[in-house]
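A short write-up of the structure that comes next.
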Amino acid sequence: MFSYDEAFSRNLGWVTAEEQAALRRKRVAIAGLGGTGGVHLLTLARLGIGAFNIADFDTFGLANFNRQAGAMVSTLGRPKIDVLDEMARDINPQLAIQTFPNGVTEDNVDRFLEGVDIYVDALDYFAFDARDLVYRKLAEKRIPAVIAAPLGMGTAIVNFLPGGMTFEEYFQLRGLPPKEKALHFLIGLSPALLQRTYLVDPDRVKFGERAGPSTGMACQMCAGAAGVEVLKILLGRGRVLSAPHGFQFDAYRNKFVRTWRPGGMSNPLMRLMLVLAKLKLKMDVRGES
């Protein structure tokens, strides 16, 4: 027989009984259930979060096996949202989950964010239109957001809090061609670029084909780091860094760096990093569309 109190009793000590009860009453929205989204969902379900809104329109394929929660031979061809819904309910049968199998769209974004206490961004790296839509609504509705990016063999975190710097103010993506957006997003997520020194095959980074290398270790670290940020924001505990502040941890290099880039992508250091990244990737994005 399932018991919420017993299932999540080992969280106690790091959270109080009252805080655990508060987490049970929270609703988290997660868009994207691929590289990081699935493991975000399962990690937060184990934290004892009681309700989720989840969105994804994709199915599992072999190329997902190196990193995605739920990607197994038994789930090949199945909708990710169905598989992760089942996995989360297997952890907590009492979960209240609303599913959005068509992803997040203009038609459903308000419903997707209805009653949500925090948003965790797990959209595909190149889903810039959907990301713009969601973050515009988050700013309007004053809902906090956490981005945990899987970079190399580590993770970078940028939070957006109500009343603070917005996603667009920080990344400045609107009106840019797709490849330029991809570079802005990369530099904004990881101004320290800790992962750059051990990319052994730069040709595998293919912004034009919307593809790049990934690791399961990075996705797991994303879920752990994002889970902590979600806990702190929801419970009002601990110091929360928000844009233009961020941080990156790289396990391969044994390094942790906190970053501060006032003005976001307008910051001179960020502009310089854009130039250096273009040289590193041997690409000129001018005039791309």
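Computed from the coordinates by the stated procedures, all read-outs in this text should not be read as laboratory data. Just so it is clear, the structure is predicted and the values come from calculations on it, not from any experiment. We place every Cβ from the backbone using ideal geometry, glycine too, and count neighbours over all the protein chains shown.
Assorted remarks:
- Within the stretch 240-268, the residues that satisfy the criterion of being within 17 Å of residue 229 (Cα to Cα) and either out of contact with any helix residue (DSSP H, G or I) (no Cβ under 8 Å at 6 or more places or on another chain) or part of a loop (DSSP other than H, G, I, E, B) (or both) are 240, 241, 242, 243, 244, 245, 247, 256, 258, 259.
- Selected residue (only one of 77, 13, 61, 50 is of a type in the set (Gly, Ala, Ser), out of contact with any helix residue (DSSP H, G or I) (no Cβ under 8 Å at 6 or more places or on another chain), surrounded by fewer than 23 Cβ atoms within 10 Å (Cβ to Cβ) and under 19 Å from residue 235 (Cβ atoms)): 13
- In the stretch 83-98, residue surrounded by the most Cβ atoms within 10 Å (Cβ to Cβ) [restricted to those that are closer than 11 Å to residue 33 by Cα and touching a strand residue (DSSP E or B) at 6+ places or on another chain (Cβ under 8 Å)]: 84
- Filter result (touching a residue at least 60 places away in the same chain (Cβ under 8 Å) and either in a strand (DSSP E or B) or out of contact with any helix residue (DSSP H, G or I) (no Cβ under 8 Å at 6 or more places or on another chain) (or both)) within the stretch 148-169: 148, 149, 150, 151, 154, 155, 156, 157, 158, 159, 160, 164
- Residues of the stretch 170-191 classified as in a helix (DSSP H, G or I) and out of contact with any helix residue (DSSP H, G or I) (no Cβ under 8 Å at 6 or more places or on another chain), total: 2
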